[in-house]
Amino acid sequence: MLRALPAALLFAVLAPVSVSATVGPQSPAETSTVQILASVDAAGQSQAILAGLRIVLDDGWKTYWRSPGDAGMPPRMDWSGSTNVASVAVRWPAPHRFSTFGIETLGYTGEVVLPLEVTVERPGEPVSLRGKVDLLVCSEVCVPAAHQVGLDLPAGPATPDAAAGNLIARFDAQVPGDGNSSGVTVKGAWTDPARGALVVRVASATAPLAAPDAFVEGGDWAFAKPEVAREDGGRTALLTLPVVAGPDVVGMADRPLTVTVVDGGRAVEAKVTVSSEAPLTGDRLADLLPFLAVALLGGLVLNLMPCVLPVLSLKLMSVIGQQGQERRRVRLGFLATASGAIAAMLVLAGTLAALKGAGGIVGWGMQFQQPVFLVVMVGVLVAFAASMAGVFEIRLPSSLSTALGTVGGDGPAGHFAMGAFATLLATPCSAPFLGTAVGFALARGPLEILAVFGALGVGLAAPYLLVALFPGAVALLPRPGRWMGTLRHLLAVALAATAIWLVTVLAAQTSVGTAASVVAATLLAVGALALATRGFGAVSLAAGPVALVALATAVAIPTVLDRAAPAAASTASARWQRFEQAEIAKLVAQGQTVFVDVTADWCVTCIVNKKLVIDREPVAGTLSSDGVVAMRADWTSPDPAIAAYLGQHDRYGIPFNAVYGPGAPHGIVLPEVLSKGAVLDAVRKARTAG
C-alpha cells in the first residue's frame, strides 16, 4: 500500500480539477492512479457526452499506447457495468517512442487523459459510467495494475465544467487527425525490398518538419525507428522504417496500413495502401539523371577491363574480315553488335528487377554465383576457342546461314550474339563509376534499374556505335594476311584461359571433382563436334548426338553431384580473419583498425586489386601490423549476410572495401579499383580518433 502513495501524491499535485460531479473517485494502484472526468456535470439531453480517462503514473514509469510496439500491453477497458450507456469510444493522444537496447515501444509517462466519447442510450436520463481498466506499467520491471473507475451524471441540464473540460480538451488536441489542423499529411508509402523497409513520404504545409516519427499499424510486421531524409527545406521528408520482424517486405505491397506521424506537437493519422515502388516525381527524375551519366561513363570504361577484351578481339577479327565490303553492311554489323550488348544489359536489368520485386538478393555479377551459368559460359568459351584454333567450324544450311549468320560470323544474328556475349563476360568485372551507378539503381525501383542498366549498355556498346557512325574507319585497319592465323591462335589461348579461370571458380563453388567432370564432358562435346563437322558418313552422324548428350551432361553435373561445403574463409595469408560484421564495432571500440575486403573468385577486378595492391607492399605490411585486423568476406557463393552488409552501404556488386577505426567508426568506403595511396590514406584516417 505504501508504494501507491507516490502516484497518489503526484495525482494530487497535478490535479487541475476539484472534486465535483464531473470528477470520479480515484483508483490508486502501486505505480498508477486512474479516474474518470466529464466535461459536464449532468446528463442533459445530448446523445453524446465527452469524458476522459485520466491516468497519472509515478516518476520513471510508463504505460502503453493502443499499439505498444515490440513489447508491452495496451490498456484494456471494460465498460459493460455502465448504465444508460450504449458505447464508449476511446481516442488516443499521440504516443512517445521509448528505445531500450534496440526494443522500440510506444506509450505515455507522467499524466495522460484518454478522451472518451460516451454514447447515451436514453438521453435525458441519469448516466452511470463504470469501467474496469487494466494497465501494464513499466520501469525497470513491469507491474500489472487493475483499476475500478466510475462516474455518475444525474439527469438535468448539463453545465460545462471548465477545469475538467479544459484538461480533456488539451489531450484531445493531441489526438492525431487528418492533417487539416496540424498541416502535416502523409503523401504515400511504398516498399523498399533492397533495404527491407517501408518508406513513408510526409509533407508539411506550415512549419518545416523538425523531428518526424512514424508508427505503423496493421499486418504482421514490426518496424524499427525510421531513418529521416528531409527534402525541400524540411517541407517534405522520407521516413524509412526497417522491418525487424514479420513476413518478407514484398508481401506488404497493396496492403492497407494505418500510419501515425508525430512531429513535436503535431500529428496526423492516415490509412494508406502500400505501393510496390516509389512514385515518379520530379525529384526522382532529377536524382536519376546524374547517375545515367555515371552509368554511361562506367559502361564505356568497362570496355578496358580484362573481361571484355576477348570479345573485343573477336570483333576485331570480324572487322578485319569485312574490309572491302560496302559501308552499309559494315554499319549494320556494328549496329547489331551494339544492339546485342544493350539488349543483354536490359534483359539482365529486367531479371534483377523481378528478383528484387520478389524479395530476392540482387547484385552485379551475381549470376556467376550459379554453377549452371558457369558451365554454360565455359562451354561457350571453349566453343569460341576451338573455332579460333581451327578445331572445327560450325556450318549451317545456306538459307539459315544467310538469315542468322554463324557463330562469330557475318550475319546480323551472329553480330547480335557477340554483343550479348560481351555483356555477359563484362559482369564479373567492376570499373570506376560502375559500382556507384549499379548501387543507386538496385536501391531504387524498376524504372531506375532499367534506365541505369540501359545507360551501361549504351556505354559498353559505344565503340561499336562509333564505328557504325564512321564505317570508313575499317579501312584504316591492317589488311588480312598470314598474321591473322597467328592472331586467331592467340585469341584461342586467351579464350581458353578465360574458360580455365571459370572452371577454377566452379571448383571453389562446388568441388574439384565436379569441376573435373564438367571439363571432361565439355572436352568430349568439343571432340564430338569436331568429328561431326569434319568426319564422314556414320561417324559424322553419330558424333552430333554424342555432342548434345555431352553438353547436357556438363550442364546437369553441378545439380546432380553434391556441392562441397563452402570454405570457412578465403584467405590469401594467415593475416586474414573471417568476416563477421558484428565484430567490427567491438574491435573498433578496443581501438583497432579493421580493413574489410569483400571478394569472390569470379570477380576479375577483385583479383587485380589483390595482386596489384592488397598483397603487395606497403599495403600488405600495413594490414599485417599491430592494431590492424584484416577481414575477408568471400562472396564466391551466395551469402545473405554479405549481401545484407553490401546493401547497408547501397552497394550491390563487388569489389567492396572499407576501413573502420576510432576515426571512422562507420567506415571509409574505398573506390572499386584500389590504389596503394587510397588504402594507406584510409587506414591512417581510420586510426586517428577525433
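In table form, for the structure just shown:
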read-out: Residues satisfying the stated conditions in the range 631-686, i.e. closer than 18 Å to GLU583 by Cβ and among the charged types (D, E, K, R); value: ARG632, ASP634, ASP639
read-out: Which listed residue is under 30 Å from ARG266 (Cβ atoms) and touching a helix residue (DSSP H, G or I) at 6+ places or on another chain (Cβ under 8 Å), from GLY52, GLY102, GLY60, GLY72; value: GLY52
read-out: Candidates GLY591, GLY653, filtered to the one that is part of a loop (DSSP other than H, G, I, E, B), at positive phi and in contact (Cβ under 8 Å) with a residue 40 or more places away in the chain; value: GLY591
read-out: Qualifying residue in the range 187-195 (condition: buried (at least 18 other Cβ atoms within 10 Å of the Cβ), at pLDDT below 90, of a type in the set (A, V, I, L, M) and more than 20 Å from VAL23 (Cα to Cα)); value: yes
read-out: Every residue from the range 219-230 that is surrounded by 15 or more Cβ atoms within 10 Å (Cβ to Cβ) and part of a strand (DSSP E or B); value: ALA222, PHE223, VAL228, ARG230
read-out: Residue list for the range 167-211, restricted to those being on the phi < 0 side of the Ramachandran plot, under 23 Å from the mean Cα position of the chain (by Cα) and not in a strand (DSSP E or B); value: PRO193, ALA194, ARG195
read-out: Flag for ALA229 being within 25 Å of the chain's Cα centre (by Cα) and free of Cβ contacts under 8 Å to residues at least 40 places away in the same chain; value: yes
read-out: Some residue of the range 478-486 being in a helix (DSSP H, G or I), out of contact with any strand residue (DSSP E or B) (no Cβ under 6 Å at 6 or more places or on another chain), at pLDDT 80 or above and surrounded by fewer than 15 Cβ atoms within 10 Å (Cβ to Cβ); value: no
read-out: Test: residue in the range 306-318 that is basic (Lys, Arg) and modelled with pLDDT under 80; value: yes
read-out: ALA214 over 23 Å from THR105 (Cα atoms), modelled with pLDDT of 90 or more and not in a loop (DSSP other than H, G, I, E, B); value: no
read-out: So VAL199, is it over 18 Å from ALA94 (Cβ atoms) and touching a Phe, Trp or Tyr at 6+ places or on another chain (Cβ under 8 Å); value: yes
read-out: Selection count, the range 623-645, where residues are outside any helix (DSSP H, G or I) and either under 26 Å from THR510 (Cα atoms) or touching a Leu at 6+ places or on another chain (Cβ under 8 Å) (or both); value: 11
read-out: Members of the range 140-166 that are under 46 Å from the mean Cα position of the chain (by Cα) and either among the basic types (Lys, Arg) or surrounded by 14 or more Cβ atoms within 10 Å (Cβ to Cβ) (or both); value: CYS142, VAL143, ALA145
read-out: Unique match (being in a strand (DSSP E or B), touching a Ser or Thr at 6+ places or on another chain (Cβ under 6 Å) and on the phi < 0 side of the Ramachandran plot) among SER128, SER99; value: SER128
read-out: ALA461 at pLDDT 70 or above, under 29 Å from PRO655 (Cβ atoms), buried (at least 21 other Cβ atoms within 10 Å of the Cβ) and out of contact with any Lys or Arg (no Cβ under 6 Å at 6 or more places or on another chain); value: yes
read-out: Any hit, the range 584-594, residues being at pLDDT below 85, within 35 Å of the chain's Cα centre (by Cα) and more than 21 Å from GLY653 (Cα to Cα); value: no
read-out: Residues of the range 663-674 that turn out to be at pLDDT 90 or above, outside any strand (DSSP E or B) and surrounded by fewer than 20 Cβ atoms within 10 Å (Cβ to Cβ), as a count; value: 0
read-out: Qualifying strands (runs of 3 or more DSSP E) (wholly inside the range 20-83; at least 3 residues being surrounded by fewer than 19 Cβ atoms within 10 Å (Cβ to Cβ)); value: 76-78
read-out: Flag for VAL216 being buried (at least 19 other Cβ atoms within 10 Å of the Cβ) and under 23 Å from PRO446 (Cα atoms); value: no
read-out: Among (1) modelled with pLDDT of 80 or more; (2) assigned to a helix (DSSP H, G or I); (3) within 41 Å of the chain's Cα centre (by Cα); (4) not aliphatic (A, V, I, L, M) - the single one THR559 does not satisfy; value: (1)
read-out: Residue in the range 104-117 that is free of Cβ contacts under 8 Å to residues at least 12 places away in the same chain and outside any strand (DSSP E or B) present; value: no
read-out: Qualifying residues in the range 243-291 (those that are at pLDDT below 90 and part of a strand (DSSP E or B)) - the one surrounded by the fewest Cβ atoms within 10 Å (Cβ to Cβ); value: ALA245
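Let's see how each residue does on (1) at pLDDT below 95; (2) hydroxyl-bearing (Ser, Thr, Tyr); (3) under 20 Å from VAL149 (Cα atoms):
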{"site": "VAL34", "(1), (2), (3)": "no, no, yes"}
{"site": "VAL40", "(1), (2), (3)": "yes, no, yes"}
{"site": "TRP65", "(1), (2), (3)": "no, no, yes"}
{"site": "GLY72", "(1), (2), (3)": "yes, no, no"}
{"site": "MET77", "(1), (2), (3)": "no, no, yes"}
{"site": "THR105", "(1), (2), (3)": "yes, yes, no"}
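The values are calculated or read from the model by the stated rules, or taken from the named source; none is laboratory data. Worth saying up front: this structure is predicted, and the values here are computed from it rather than measured. In this analysis, Cβ positions are derived from the backbone assuming ideal geometry, glycine residues included, and neighbour counts consider all displayed protein chains.
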